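Structure, as C-alpha cells:
The values are calculated or read from the model by the stated rules, or taken from the named source; none is laboratory data. Being a predicted model, the structure only gives us computed values, none of them experimental. Reconstructed Cβ throughout: ideal geometry from the backbone, glycine too, with neighbour counts over all protein chains shown.
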Amino acid sequence: MDRCLEYSSKKNLARYCLWINTSDGKYRDTKTKFKNPSMNLIDIPKILVQKSCVIRIFWMQIDLRELQMGEYCPYISVSGFFFSDLIYHPDTSISARTWSIRNMIEEKYKQSAISIIQNQKFKIKLDLPPNVYIKDLEGSEIQPARYMFKKKEESKDDDKSKKEEPGYWSFENFENVEFEKEKKSIDFLYNDLGIFSLIIERKYFFPYISWYLRCIHNNKNECIAILDLKSKG
C-alpha cells in the first residue's frame, strides 16, 4: 500500500510532503495524491512502485537562485522551488522483550533515483500559483527547469575535496512538456528527482530599466501622478 502525507506552514509559505510505499512486490498504477502541494508525480516508475521506499517533496516560495547568488538573474521562479528526492524506507523494528531494535540509516538516508530506475522516467506535474497572471502568455514563455549545483575544487589540505557553490538552471532532459493554460499547470517527463521550478524570463516581469512615480497634484477629491519609465529598447 502507499500513503501520502502533507504538512503546511501557518502562512503557507512552505510545504512538506511524503509518498510512503510499503509495497508487497506487486505493480499497480500509482501516483502521489497530495491535495494542497503544487507538485505531484502522476506516473512513478514501475521499479519504485514494487519496492518499499519514500519520496519526499519540500516546497518553498523563495527564489533559491537569487537567494544564493545575491545578484541579477535573467530568470525568475513563478512557481516556487520544489525539492524532491528518494529516501530509504525504514525497516520494521525487531522486538525483543522490552527492547525495540532498529537499523539506523543516519546520513545514508538518501537513495539515487536515477541509478535505480535506469531507463524509466517520472511524469511530473507542476502547478502555477493562483496569483500568477498568464492571460497574455502563450505558454512557451513558462519553462520547467532543474536547479543544478556546480562543484568547486578545493586544495588537497582541505578535508572536503569538493564544495557546492551557487548553481544554474538546466533545461536539458525534459521530455513531452505540456502546458495546460486553463489548469495553469505543466506536465513533463524526467529521468530523475531533484530541484524543479517553473521559470520565466525576467523581461516579462520588468521590461524596463527603471521607474519613478511622483505626485504632482493632491487634494481631497483627486490625485494626479506621473510615472516615468526608462525603457530597455
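So that you can scan it fast, the table gives a plain yes or no per residue for (1) under 24 Å from D63 (Cβ atoms); (2) crowded, with 16+ Cβ neighbours inside 10 Å:
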position: E175; (1), (2): no, no
position: S185; (1), (2): yes, yes
position: N191; (1), (2): no, yes
position: C215; (1), (2): no, no
position: N218; (1), (2): no, no
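When you check N131 against the structure, is it modelled with pLDDT of 75 or more, loosely packed, with under 14 Cβ neighbours inside 10 Å and under 21 Å from D187 (Cβ atoms), yes or no?
Numbers: modelled with pLDDT of 75 or more: yes; loosely packed, with under 14 Cβ neighbours inside 10 Å: yes; under 21 Å from D187 (Cβ atoms): no.
Answer is no for this residue.
Within the range 99-111, is there a residue that is outside any loop (DSSP other than H, G, I, E, B), at pLDDT 80 or above and surrounded by 11 or more Cβ atoms within 10 Å (Cβ to Cβ)? Checked the range 99-111: at least one residue is outside any loop (DSSP other than H, G, I, E, B), at pLDDT 80 or above and surrounded by 11 or more Cβ atoms within 10 Å (Cβ to Cβ).
Against the condition modelled with pLDDT under 90, polar (S, T, N, Q) and in a loop (DSSP other than H, G, I, E, B), how does N119 come out, does it pass? Steps first, please.
Values: modelled with pLDDT under 90: yes; polar (S, T, N, Q): yes; in a loop (DSSP other than H, G, I, E, B): yes.
Answer is yes for this residue.
Here F196 fits the description: assigned to a strand (DSSP E or B), in contact (Cβ under 8 Å) with a residue 24 or more places away in the chain, touching a Phe, Trp or Tyr at 6+ places or on another chain (Cβ under 7 Å) and within 25 Å of Q120 (Cβ to Cβ).
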